[in-house]
Structure formats: structure tokens, C-alpha cells
């Protein structure tokens with residue numbers, strides 16, 4: 001049976017979203033009547049006085065199956081995109097909701113409920129829609145690959161079962177792929193373009209003339225692509241620590257690591273507390289590398305899967321991995337000088353550290369940074385859109401003497417696992433998005449995951465964009481900084497006005 005529009009659930013959604021915006025717009029490629037909006041039980045914890053409402057929007061699995069009339073064959077497979085709706089907290093508020101897009105790719109916006117539920121900076125006059133991109137979170141089908149740890153791609157072997165390198169998980173990946181294909185999942189239908197078309201179709205089916213997009217990291221890439229496919233349907237966009245639509249992981253990503261480590265050393269020396277407490281970080285790092293070259297550090301860590309105590313050897317590549325991991329996000333980056341000083345003191349016999357303290361330094365047993373990521377969706381996107389266009393020559397040139405890449409260049413594991421996932425490459429790399437939609441771009445100048453250089457390149461093709469750079473800050477500014485949330489909220493209230501970035505003045509590198 002062809003999908004149909006379920007009026008009752010849609011009416012509930014529209015009421016929660018605070019307003020039907022009935023403005024004329026061009027005919028949609030997919031007839032809105034082909035989209036079925038089904039209200040489902042929320043499995044997300046919210047306060048009793050602020051409950052969420054949850055929906056599945058049923059859409060084509062393959063957008064190529066939609067005919068010229070905007071209809072879908074009755075037997076065409078479909079996917080369900082999960083929507084978590086947080087109602088407008090005010091009466092008579094704005095009719096254009098904020099649509100939240102998570103990163104990864106592979107993370108689900110519904111998992112961000114703890115931060116977006118009380119985030120009244122963005123929600124003060126609008127409802128919020130948390131979208132689980134097709135294949136992620138509570139969407140159907142899920143490409144989660146439950147036997148694959150969320151830590152597969154973070155570069156830290158100490159949080160993988162048996163402390164195994166990521167490349168040893170190919171058997172689990174092969175099994176997950178086979179199971180999905182056997183269930184009728186077309187892996188090449190799960191990419192950024194399809195997810196952007198999903199958003200446009202959902203907006204039209206709900207009857208909104210325009211809404212706002214807030215995307216973090218890969219979610220910003222999805223927002224950019226949606227700006228391309230739904231030109232008239234977007235009022236304003238916030239790109240938080242953005243990943244570009246053009247293939248990434250080129251020489252810029254590699255070159256930024258040593259630059260940011262050197263900047264950390266300089267910033268610590270310039271900070272009275274850090275310099276007095278932790279000394280010369282550059283000298284400490286050189287001593288750590290020299291001593292580990294003589295003999296690795298011995299420790300006993302609990303296996304992340306079995307919890308069994310396991311003897312491990314810690315070498316310089318593990319230290320480099322630890323540094324890169326802690327630099328990526330704002331709270332861990334603040335403890336990095338302390339971790340470096342502790343390791344140096346241990347190796348020089350100046351202090352003693354327990355195995356538990358070493359485990360904390362190397363991120364063993366803590367919450368994984370990519371918890372809940374659907375590994376299958378992640379690989380379907382990366383192996384299709386980015387990896388085929390990696391510039392190996394530029395990356396190796398940026399490696400230089402290799403001192404800061406003892407464990408390999410960022411995400412080198414894709415070369416091992418993309419052939420296992422086996423999705424066809426995109427026919428050509430995506431071009432930059434050119435759009436006049438008002439856009440606010442937030443970037444941290446100490447972010448090694450989405451370097452500020454990328455943010456500047458994105459702004460270069462968006463004539464109505466405003467770029468705000470946060471000094472000494474890392475990835476995902478909205479999650480960590482009240483100033484970033486305030487700027488985003490003020491921008492969404494008046495996207496055509498210059499943002500007042502006065503709250504940036506006291507922000508600087510901070511060390512614990």
C-alpha cells in the first residue's frame with residue numbers, strides 16, 4: 001500500500017510545533033501525501049511537566065524510486081525517520097521551529113535530549129525538533145551494528161574489546177553488513193543527500209513554509225546540503241563546529257594537529273597558573289617520548305568488554321592518541337596539561353600513579369565520545385562521500401617528520417574497513433554550497449576535528465554568513481559554552497542582524 005498522510009498525528013505535531021505556516025511554495029518533488037507521519041511512543045526520558053512527543057516519518061528508502069509526478073510505487077521500500085518534538089514553551093511564539101541535527105555521521109539527535117530539553121536559549125519562543133537521520137538512533141531501520149563498539153573510530157585502542165586496533169574488527173563489520181543487506185537495506189541509499197531530501201519532505205508534509213536548522217559537526221554538513229536541496233524552506237541556519245560538504249580529511253586536518261599542540265604549549269606558558277603548576281609542556285613531552293623509546297610503560301587495565309584485568313604496554317603512539325583525543329573536546333582539553341605532567345613525573349620516578357589513575361588519563365572505562373553512534377550509517381556516508389576522494393599525497397606531506405603521528409594519520413583506519421563495508425563511491429565529490437540563507441558559523445580555533453580553516457572556507461560561499469571564532473576552544477561549542485548558546489539564540493531571533501559577540505571577550509584557553 002502506498003504511504004499516506006496520517007492527519008491525526010500530523011495535527012498533534014503541528015500543535016506542538018506551534019503553528020501552521022501556510023505560504024505558497026513550489027511543488028515538492030515528493031508529493032506530501034506520500035509521507036506518512038506516525039505518532040509513536042517516546043522512549044526518551046523527559047520531565048513530567050515537559051514531555052516530548054515522538055513521530056516516525058515514513059519516506060522512500062531510495063529517492064531514485066520517486067517518479068516525475070512525485071509518487072512512489074506501492075512496493076517501494078521505505079525508511080522511518082524518528083522525530084522528537086519539544087513543544088514551544090510560550091503562547092503565541094514563533095511558528096518556525098528549530099531542527100537539531102547531530103554529528104558523527106551516525107549520532108542521533110534524540111540522544112541529545114538532556115541538553116536540548118532545558119536549552120531555553122534556543123527554545124525560548126520556538127519548538128525544537130530533534131531529528132534522528134535515517135539509519136541512526138530510533139529511526140527504522142537502524143544501521144547501529146550492535147556488535148561494533150562506538151569507540152571503533154576514535155583512535156584509542158584502550159577502549160576497544162581486548163584493546164584491539166580498530167582494523168581487527170573487520171569480521172564484525174562483515175557480519176553486520178551481511179545482516180543488513182539480507183534485511184533489504186540498500187546501504188548506498190544512506191547518505192547525506194538522501195538525509196537532506198528527507199528533511200525537505202518532512203517539512204512539506206508537516207505544512208511548514210520555513211524552519212531553522214542547527215547542525216553540529218557532521219550535522220552541519222547535513223544542514224549545508226539541506227540548504228542546497230530546500231532553498232525556500234529554511235529561514236536561518238546555525239553551523240556549530242562544522243564539517244564541510246566537500247570531502248574532508250585532507251592535508252588541512254593532518255596539518256592542524258601539530259599546530260594545535262604547539263599552540264597548547266605556548267598557551268600554557270602564557271597562563272600563570274598552567275606555567276607554574278605544570279611547567280614547560282614541550283620539554284615534558286620530549287622527555288616522555290625519549291623514555292618510552294627506551295622501555296614502554298606497564299599497566300593493568302580492565303578490558304572494556306569483559307572487565308577482566310589485562311596487562312598492557314603503553315608506548316609513545318598511545319600518548320599521541322591520548323593527546324589527540326583530549327584536545328578534541330572542551331572539558332577533556334582542560335585536563336591535558338595535568339595528564340602530560342603526571343606521565344612525565346611517573347616516568348622520571350618523581351610521583352607514583354595507580355593503574356586507575358593511568359586508566360583515567362588514557363580514557364579507559366569512561367564514557368565514549370561517540371556513544372550511540374550507528375557505525376553502519378557512519379561507514380555508509382564516509383566510505384561513499386569522503387574516503388574515495390582522500391588526497392593521500394597532501395596528508396603525507398602534512399605529516400612532516402611524523403613526531404605527532406606515531407600512531408598514524410587521523411582516521412587512517414578507513415582504508416582498512418571501507419573495502420569491508422563495500423558501498424559504491426559517489427560519482428564525484430560534493431561541491432561547496434552557495435546560499436544566501438542567513439547563517440551563523442561557530443568555530444573553536446583549537447578544534448582538531450573540524451578546523452577553523454574549514455569554517456572559513458564554508459563562509460566563503462555563503463554571502464549572508466557570520467563567523468564567530470572562540471579563542472582556545474575545541475569541538476562542539478553549543479554543548480559547552482553558554483556564550484555560544486546565547487549567540488545562536490539571538491541570531492535565530494534576528495538572523496539578518498549582526499550578532500553581538502561581546503560575550504567572547506573573557507573566553508580564553510582554560511586549564512585545570
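The values are calculated or read from the model by the stated rules, or taken from the named source; none is laboratory data. As the structure is a prediction and not an experimental result, all values here were calculated from the model. Cβ placement follows ideal geometry from the backbone for every residue including glycine, while neighbour counts extend to all protein chains displayed.
For residue 277, which of the numbered conditions (1) within 21 Å of residue 159 (Cβ to Cβ); (2) touching a residue at least 24 places away in the same chain (Cβ under 8 Å); (3) exposed (fewer than 15 other Cβ atoms within 10 Å of the Cβ) fails to hold? Failed condition: (1).
None of 113, 44 is under 29 Å from the mean Cα position of the chain (by Cα), closer than 17 Å to residue 140 by Cβ and at pLDDT below 95 except 44.
What's the number of the condition residue 76 fails, among (1) buried (at least 22 other Cβ atoms within 10 Å of the Cβ); (2) in a loop (DSSP other than H, G, I, E, B); (3) in contact with a strand residue (DSSP E or B) (Cβ under 9 Å, 6 or more places away or on another chain)? Just one mismatch for residue 76, condition (1). Taken together, the criteria place residue 379 among residues that are outside the structural domain of residue 259 (by TED's automatic domain parsing) and part of a helix (DSSP H, G or I).
The residue pairs whose first member lies in region 173-187 and is on the phi > 0 side of the Ramachandran plot, whose second member is in a loop (DSSP other than H, G, I, E, B), and whose beta carbons are closer than 8 Å, counting only pairs six or more residues apart or on different chains, are 184/77. Condition check for residue 271 on (1) crowded, with 20+ Cβ neighbours inside 10 Å; (2) out of contact with any strand residue (DSSP E or B) (no Cβ under 8 Å at 6 or more places or on another chain): one failure, at (1).
Residue-wise test of (1) within 21 Å of residue 329 (Cβ to Cβ); (2) at pLDDT below 95; (3) in a helix (DSSP H, G or I).
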{"residue": "177", "(1), (2), (3)": "no, no, yes"}
{"residue": "184", "(1), (2), (3)": "no, no, no"}
{"residue": "193", "(1), (2), (3)": "no, no, yes"}
{"residue": "219", "(1), (2), (3)": "yes, no, yes"}
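All conditions but one from (1) surrounded by 22 or more Cβ atoms within 10 Å (Cβ to Cβ); (2) modelled with pLDDT under 95; (3) assigned to a loop (DSSP other than H, G, I, E, B) apply to residue 256; the one that does not is (3). Considering 438, 424, the condition of being within 28 Å of residue 117 (Cβ to Cβ) and surrounded by fewer than 23 Cβ atoms within 10 Å (Cβ to Cβ) is satisfied by 438 alone.
Residues in region 386-395 include at least one that is at pLDDT below 85, not assigned by TED's automatic domain parsing to the domain that holds residue 304 and not in a helix (DSSP H, G or I).
For region 389-404, what are the residues that are within 23 Å of the chain's Cα centre (by Cα) and surrounded by 16 or more Cβ atoms within 10 Å (Cβ to Cβ)?
Of everything in region 389-404, those that are within 23 Å of the chain's Cα centre (by Cα) and surrounded by 16 or more Cβ atoms within 10 Å (Cβ to Cβ) turn out to be 389, 390, 395.
When 235, 193, 228, 203 are screened for being within 30 Å of residue 107 (Cβ to Cβ), in contact with a strand residue (DSSP E or B) (Cβ under 8 Å, 6 or more places away or on another chain) and surrounded by fewer than 23 Cβ atoms within 10 Å (Cβ to Cβ), only 235 passes.
Does residue 91 satisfy the criteria of being part of a loop (DSSP other than H, G, I, E, B), in contact with a strand residue (DSSP E or B) (Cβ under 9 Å, 6 or more places away or on another chain), in the same structural domain as residue 223 (by TED's automatic domain parsing) and more than 24 Å from residue 170 (Cα to Cα)? Considered against the rule, which asks whether it is part of a loop (DSSP other than H, G, I, E, B), in contact with a strand residue (DSSP E or B) (Cβ under 9 Å, 6 or more places away or on another chain), in the same structural domain as residue 223 (by TED's automatic domain parsing) and more than 24 Å from residue 170 (Cα to Cα), residue 91 comes out as no. The residues on offer are 297, 264, 292, and the sole one that is at pLDDT 90 or above, within 27 Å of residue 451 (Cα to Cα), touching a helix residue (DSSP H, G or I) at 6+ places or on another chain (Cβ under 8 Å) and surrounded by 14 or more Cβ atoms within 10 Å (Cβ to Cβ) is 264. A search for C-beta distances below 6 Å between a residue of region 66-80 that is more than 19 Å from residue 38 (Cβ to Cβ) and any residue that is surrounded by 11 or more Cβ atoms within 10 Å (Cβ to Cβ), counting only pairs 6+ apart in sequence or on different chains, returns 66/30; 66/60; 66/72; 70/29; 70/30; 70/31; 71/31.
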